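Here's the structure, in structure tokens; my notes come after.
The values are calculated or read from the model by the stated rules, or taken from the named source; none is laboratory data. Keep in mind it's a predicted model, so treat the numbers as computed, not measured. Methodologically, a virtual Cβ is constructed for each residue, glycine included, from the backbone with ideal geometry; neighbour enumeration extends over all protein chains shown.
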């Protein structure tokens, strides 16, 4: 396998890089929202999958446009032809990357997905209650970006989200309406994305590797999150903030004290 991969779609706004192309199975990943945007990253393979005889297709948008732009139609047609040889296709993505998984699930032939804090849309007319991404929504084509009309209803998998993030919760509920075989897994005080606590403990890779077996175990993910949160500064900070908003001040003080004990010293 070439470490740098092959660029199989090289547009000005969208890029696809393929590793280990001759493998019989495929994992698809989408890049999340980045700051600043305006450039492509050097793609890296998901080695635990490549070692298990998976190809890896990594998709990027140069700008934070949720993959909806003047190249989307050509990109979609190219992907459809590219994935035909693979007998098993799984995918994963965070936030904007999770949206990408949903938007292109049908053309990619995805069978199983692990989504972290994804959006159903960023179009103001579709999600007027979510203003977080309005800086990215100028020019967003709501029809081309419509997930519900392109939903792969047989897609199985899990949406990981923090239930204390009401906007993420609302997106997850709407997504599940169009993708009824996606299970919502609530990771309290995980943040956005909801796997920050797992990431601090080095546990997201083990969660992602569940896709290798074709069955994502929601209860196992919850248990990993519970175990990780004890030593997670992110968890205790979010718990303190949530408790303070609800005026549970004793819990808030305990949580902020624990956060201060765990947080790395300021440089």
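When the helices (runs of 4 or more DSSP H) confined to the range 166-267 are screened for residues that are crowded, with 18+ Cβ neighbours inside 10 Å and in contact with a strand residue (DSSP E or B) (Cβ under 9 Å, 6 or more places away or on another chain), those reaching at least 3 such residues are found at 166-178, 204-208. Considering the range 29-60 alone, what residues qualify as being buried (at least 21 other Cβ atoms within 10 Å of the Cβ) and either assigned to a helix (DSSP H, G or I) or on the phi > 0 side of the Ramachandran plot (or both)? Scanning the range 29-60 gives a single hit, 49.
Residues checked against (1) without any contact (Cβ under 8 Å) to a residue 40 or more places away in the chain; (2) part of a loop (DSSP other than H, G, I, E, B); (3) not assigned by TED's automatic domain parsing to the domain that holds residue 72:
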site: 106; (1), (2), (3): no, no, no
site: 113; (1), (2), (3): no, no, no
site: 119; (1), (2), (3): no, yes, no
site: 128; (1), (2), (3): yes, yes, no
site: 136; (1), (2), (3): no, no, no
site: 141; (1), (2), (3): no, yes, no
site: 146; (1), (2), (3): yes, yes, no
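For residue 163, are the conditions met, namely being part of a loop (DSSP other than H, G, I, E, B), in contact (Cβ under 8 Å) with a residue 24 or more places away in the chain and surrounded by fewer than 20 Cβ atoms within 10 Å (Cβ to Cβ)? So residue 163 fits the description; yes. Scanning the range 8-28 for residues that are closer than 15 Å to residue 75 by Cα and surrounded by 14 or more Cβ atoms within 10 Å (Cβ to Cβ) yields 8, 9, 11, 13, 14, 15, 16, 17, 18, 28.
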